[in-house]
Amino acid sequence: RPSEADTIAAVRIQPRNVVNYVVSNQYKEREKVVAQELTVETDSIKVDFYDNGEIDGDSISVFLNDKLIAFNRILTTRSVHFDIPLDPTRETNEITMFADNLGSIPPNTALMIVNDGKKRYEIRLTSNLEKSATIRIKKKKKEE
């Protein structure tokens, strides 16, 4: 019998460019703060966002290399899941968490789990209406 956790499946989101001019314009006005830089070994990563702490209605939009790929996703104990192919033409890929709101307990906080198939990283992100949290991802260069 599957456990309750298995029944509550992740909300899977296909990364594709989404058009939302309001969010995109606000995104350009906010400062991007690099929370962490990761070096991964694979061409794609799995990313999960959860509310970090009390579930208080935090809602986020997610940008990949400054392009909106999901907006207004409410964070809960269920994962908001992305399979993200990294752009091989870029030295670094950036995933940015943009706060759509501050929930009932500001600021907007998320636990982001990044998995490249070999390693798992847990990153705590904080965003507010002035700043967005960004993760920079580099692909490890192959040994010659």
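Every read-out reported here was derived from the displayed coordinates using simple, explicitly stated rules and does not represent laboratory data. Note that the structure is predicted; figures quoted are calculated from it, not measured. Ideal geometry is used to build each Cβ from the backbone, glycine not excepted, and the neighbour counts take in all protein chains shown.
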Give, as a single signed number, the net charge of other residues whose beta carbon lies under 14 Å from the beta carbon of K32, with Lys and Arg counted +1 and Asp and Glu -1.
-1
Cα to Cα, under 17 Å, and not fewer than 8 places away if on the same chain: which aspartates and glutamates meet these conditions relative to K138?
E37, E41, D43, D66, D83, D87, E91, E94, D116, E122
7 Å from Cα along Cα→Cβ at both E29 and I113: what's the point-to-point distance in nm?
3.5
Pairs beyond 21 Å (Cα-Cα), from K32/K119; K119/K140; K32/K141:
K32/K119; K32/K141
For segment 59-138 and segment 23-45, what is the separation of their Cα centres, given in Å?
7
Select from segment 86-140 those GluC sites (Glu not before Pro) which occupy a DSSP coil region and have at most 13 other Cβ atoms within 10 Å, ordered by residue number.
E91, E130
Pick from V19, V62, V33: which residue has the top mean-square fluctuation in a GNM of the chain where Cα pairs under 10 Å get a spring?
V19
